[in-house]
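Before any comments, here is the structure.
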Amino acid sequence: MNALAPAARTAPMALPPACGDGCSCSSCSDPSNPVAAFEARDREVEIHEMAHLSAAGPDASGAPVYEYKVGPDGKSYKMGGHVNISVREDDSDPAVTVARMMRIQRAALAPATPSSQDQRVAAEASIKLAKALAKLAAKQSSGGRTPAAAGQAHR
């Protein structure tokens, strides 16, 4: 698996072909503001991705990546996006993995409405968290030694 997962993919908004030009949706019903749906989606996507970014902390790899669509006014609007988040485990220290997977879960579920991709990343982090907790418990029960080394010491 890649060390980076697009944890925060917001699905691009599907605007009706006539949206902004006689559309009857609540965002476009004001004829004096034909780009309202585009502006609203742009804000929604930015808030969603920034929630991921702020919760991810050091596990985020750079700024959000956005997908744009040109509105009827010729301007580009954010319609979707994602934040790359490292989901790699620390093989040498399960405590580091525990802390990382907890941050990843919080980051993936940080937006008010997590996407299906967000939920998949949170589930992946949950599985890795459980494995790391089991490794940590085994390490602690063996006095800090690896299970193999602990078995050799008792022979």
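The values are calculated or read from the model by the stated rules, or taken from the named source; none is laboratory data. Only a predicted model underlies this, so the values are computations on that prediction, with no experimental measurement involved. Positions of Cβ are backbone-derived with ideal geometry, glycine not excepted, and every protein chain shown enters the neighbour counts. Accessible surface areas use protein heavy atoms only, side chains included; no ligands, DNA or RNA. Shrake-Rupley method; radii C 1.70, N 1.55, O 1.52, S 1.80 Å.
A compact table of results
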item	result
Peptides ranked, highest mean first, by Cβ atoms within 10 Å: ranges 115-124, 56-65, 43-52	43-52, 115-124, 56-65
Region 75-85 - phi-based ³J(HN,Hα) in whole Hz, Karplus 6.51/-1.76/1.60, Gly and Pro as x	8, 8, 10, 5, 10, x, x, 7, 10, 7, 10
Stretchable slack from Asp93 to Glu67, in nm (0.36 nm times residue separation minus alpha-carbon distance)	5.7 nm
Förster radius 35 Å - calculated FRET efficiency between Arg106 and Asn33 (Cβ-Cβ, nearest 0.05)	0.45
Sulfur and carbon atoms: percent of accessible area, region 37-77 [1.4 Å]	58 percent
Qualifying lysines (Cα of each under 21 Å from Cα of Lys139; at least 8 residues distant if same chain)	Lys128, Lys131
Relative contact order of region 66-137, defined on C-alpha pairs under 8 angstrom at six or more residues apart (%)	26 percent
